Every structure is written in C-alpha cells, then in structure tokens.
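See below for the structure under consideration.
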Amino acid sequence: MIGLLPTIRAIEAKKTIALANKETLVTAGELVMKLAKENGVAILPVDSEHSAVFQCLRGNKHKAVEQVVLTASGGPFREYTKEQLENVTVQQALNHPNWKMGSKITIDSATLMNKGLEVIEAKHLFNVAPEQIDVVVHKESIVHSMVEYVDGSTIAQLGMPDMRHPIGYALYYPERTHLDCIAKLKLAEIKNLSFEYPRKDVFPCLQYAYDALKVGGTMPAVLNAANEVVVEAFLNGKISFMQIPQIIHNVMEEHICISSPTLEQILESDAWARKCSGEKVGKC
C-alpha cells in the first residue's frame, strides 16, 4: 500500500511508471489507471506474470483476447492438506522452492494471496473482466503467464525464474537488449512443464481476491490491508498460518463497501481494515 501515493505523484509529474508494486493497483486500480490515461502516462508491469502477459499481448488487438492465464508456482505447500497446513512454521513458509523474495511476498505466495493480488492487478493493467482471468499452478516457474485468443491460439512467455528479465524489459521497452546476466532457457534439460488447477478449498485467499474484485469499490483495499496486517502477525508468531485467511475473510465480511471511492475513502478503508485486523489478531 505504501507505493500508492508516490505512484500517483509520479503520474502527475508525467513520468513513465515501471510498476513492481502490485498493491498500488489492488487498492486503487481504477483511480490510478484513469489518472495515467489523463496524463498520457504509460504503466509498464514489472511483476514477472504481468510482464509476460504484456509481452504476449504485443501486436494483437484487445478484442481478440479470450483469456489471460496467470501461472502460480504453488509455493512451498503446493501438495499439503489442510491438516498439514495447521502446523506449518514461519521458516517452512519462507522456504520458497523457486524464487528468492522478501518475507511478505514469500508468505503471500505460500497462501496464494500473491496470485489473488495479481488477478486484481491484471484486471486493471489489461482492462479485462474478472471472468477472463484464470490461474494455473505451474511448479517449475518457467512459463510466466499466457494469453488465450478467440481463435483458440495461446501465446506464452517462457524464461528462467529471474526477476532481472521483467525489470530489464520494462527499463528498455519498447526495445529488447542483451542481458548476459540471465541464464538462457534450455527446455531439453528442463524436460517437463506441468500445470494443474489451484486448490481454492485449501488456499482460500485466491478466491477471496476474486470475491473482492467482483465486489469492487473499497473491498480490494480492505483485502490488501487485512492481508498486510495478518502476514506481519504470522511472521511475528502471533497467529497460525491457517488463521491468515480466516481473519482476512472476517474483516471483508464486516466491511461496508464504498463504490467508486475517492482516494481519501480508499485510505480511510485501508486504515479501518488495519485496525479491525489488528483487533482480531489481538484476540487470537
């Protein structure tokens, strides 16, 4: 959430935005994208998944897009049962199999909330409906995302799991440049690429993000704020892993949503959700 106001100020200063902070669009996507359009500012995605979609869209018309497919690694608990998740530790949750990231986003990956936030981000970046955004679990993290077109063709962007690629793509856009620091993809050595449906019954945060997106208004900001509070609480040993989605869901249920909110209303909803989440954490 901390990236929202600086991004708005940068847009007002008519700076091209290379956006790595997904929470900016999660909390205030409609407002930010409208402001960017009014100021003639390009927003270039740096998230690996959204960079992949951005690349797959180049040269094609928006009306030809059938579906955007975001890939998810599944995190360290991809094959865990609900019972196994009851006792996972912070250290286990921080042990991501493919990516080395900060603690907050690593926990979000473990709960699949990171993918939920990316669904909301994709809606705003690419102007697609929630039902046009799908998620598949791809444990190898080689296919970074895909776009399916109305003629049945699917275009995918592949590469080694290395954030230097999407960062470089945004910085040099619309050109491509040599990035010798990034290992080249050798599919014959990788051999297998697997895909499966996410288990929303075990990892409900993904569904909560879809729910927040469909409700709209201030609900995505509340989802995000609650998540930030409970993830910090989990990292500090105050709640269990399975209490993360429980508290988020309870906060969402209590929120009185505001449609078409102003920036001030978004910030107020964020503050309310943080207070409400903190109170619930305190009762655990």
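The values are calculated or read from the model by the stated rules, or taken from the named source; none is laboratory data. In this text, all values refer to a predicted model and were calculated from it rather than measured experimentally. Because the Cβ atoms are built from the backbone with ideal geometry, glycine has one as well, and the counts that use them run over all protein chains shown.
Considering only the range 101-128, state which residues are among the polar types (S, T, N, Q) and closer than 14 Å to Val46 by Cα. Don't jump to the end; show me each part of the working.
Of the range 101-128, the ones among the polar types (S, T, N, Q) are 103, 106, 109, 111, 114, 127.
Within the range 101-128, none qualify.
Anything in the range 1-34 that is under 16 Å from Ser269 (Cβ atoms) and either among the small types (Gly, Ala, Ser) or assigned to a helix (DSSP H, G or I) (or both)? List them, or say none.
Leu4, Leu5, Glu23, Thr24, Leu25, Val26, Thr27, Ala28, Gly29, Glu30, Leu31, Val32
Among the residues that make up the range 196-207, is at least one of them touching a residue at least 24 places away in the same chain (Cβ under 8 Å), over 20 Å from the mean Cα position of the chain (by Cα) and not assigned by TED's automatic domain parsing to the domain that holds Leu25?
Looking for residues that are touching a residue at least 24 places away in the same chain (Cβ under 8 Å), over 20 Å from the mean Cα position of the chain (by Cα) and not assigned by TED's automatic domain parsing to the domain that holds Leu25, one finds none in the range 196-207, hence no.
Scan the range 101-139 for residues that are surrounded by fewer than 21 Cβ atoms within 10 Å (Cβ to Cβ) and either of a type in the set (Lys, Arg) or without any contact (Cβ under 8 Å) to a residue 12 or more places away in the chain (or both) and jot them down.
Across the range 101-139, the qualifying residues are Met101, Gly102, Lys104, Ile105, Ala129, Glu131, Lys139.
What are the pairs with Cβ atoms under 7 angstrom where one residue, in the range 146-167, is touching a residue at least 12 places away in the same chain (Cβ under 8 Å) and the other, located anywhere, is aromatic (Phe, Trp, Tyr)? Sequence gap at least six, or different chains.
Pro161/Trp99
List pairs: first residue in the range 84-100 and in contact (Cβ under 8 Å) with a residue 60 or more places away in the chain, second residue of a type in the set (S, T, N, Q) anywhere in the structure, Cβ distance under 6 angstrom, at least six positions apart or on different chains.
Asn98/Ser73; Asn98/Ser141
Any residue at all in the range 107-119 that's in contact with a Phe, Trp or Tyr (Cβ under 6 Å, 6 or more places away or on another chain), under 14 Å from Leu70 (Cα atoms) and not β-branched (Val, Ile, Thr)?
There is at least one residue in the range 107-119 that is in contact with a Phe, Trp or Tyr (Cβ under 6 Å, 6 or more places away or on another chain), under 14 Å from Leu70 (Cα atoms) and not β-branched (Val, Ile, Thr).
Any residue in the range 87-94 that is within 17 Å of the chain's Cα centre (by Cα) and either crowded, with 18+ Cβ neighbours inside 10 Å or closer than 20 Å to Thr7 by Cβ (or both)? I'd like the intermediate steps shown before the answer.
First, pick out the residues of the range 87-94 that are within 17 Å of the chain's Cα centre (by Cα): none.
So far as the range 87-94 goes, no, none of its residues is within 17 Å of the chain's Cα centre (by Cα) and either crowded, with 18+ Cβ neighbours inside 10 Å or closer than 20 Å to Thr7 by Cβ (or both).
If you take the residues of the range 208-241 that are among the small types (Gly, Ala, Ser) and crowded, with 23+ Cβ neighbours inside 10 Å, which of them is nearest to Val26 (Cα to Cα)? Break it down into steps so the answer makes sense when it comes.
Residues of the range 208-241 that are among the small types (Gly, Ala, Ser), as a first pass: 209, 212, 216-217, 221, 225-226, 233, 237, 240.
Filter again for crowded, with 23+ Cβ neighbours inside 10 Å, leaving 209, 212, 221, 225-226.
Numbers: Ala209: 9, Ala212: 10, Ala221: 6, Ala225: 10, Ala226: 13 Å.
Checked the range 208-241; the qualifying residue nearest to Val26 (Cα to Cα) is Ala221.
Please state which of the following conditions Val68 fails to meet, knowing it meets all the rest: (1) within 15 Å of Asn127 (Cβ to Cβ); (2) hydrophobic (A, V, I, L, M, F, W, C); (3) without any contact (Cβ under 8 Å) to a residue 40 or more places away in the chain; (4) buried (at least 17 other Cβ atoms within 10 Å of the Cβ).
Evaluating Val68 over (1) within 15 Å of Asn127 (Cβ to Cβ); (2) hydrophobic (A, V, I, L, M, F, W, C); (3) without any contact (Cβ under 8 Å) to a residue 40 or more places away in the chain; (4) buried (at least 17 other Cβ atoms within 10 Å of the Cβ) leaves (3) as the failure.
Can you report the number of residues in the range 156-205 which are of a type outside the set (Lys, Arg), in contact with a helix residue (DSSP H, G or I) (Cβ under 7 Å, 6 or more places away or on another chain), under 26 Å from Glu66 (Cβ atoms) and surrounded by fewer than 17 Cβ atoms within 10 Å (Cβ to Cβ)?
Adding up the residues that qualify gives 0.
Tell me, which helices (runs of 4 or more DSSP H) lie completely within the range 166-284 with 2 or more residues that are more than 30 Å from Phe54 (Cα to Cα)? If you could, list the steps in order and put the result at the bottom.
Numbers: elements: 187-190, 205-215, 219-235, 243-254, 263-282.
Where helices (runs of 4 or more DSSP H) fall fully within the range 166-284 and carry at least 2 residues being more than 30 Å from Phe54 (Cα to Cα), they are 219-235, 243-254, 263-282.
Anything in the range 1-33 that is of a type in the set (Lys, Arg) and under 20 Å from the mean Cα position of the chain (by Cα)? List them, or say none. Before you say what the answer is, go through the steps one by one.
Taking the range 1-33 and keeping what is of a type in the set (Lys, Arg), we get 9, 14-15, 22.
Within the range 1-33, Lys22 is the sole residue that qualifies.
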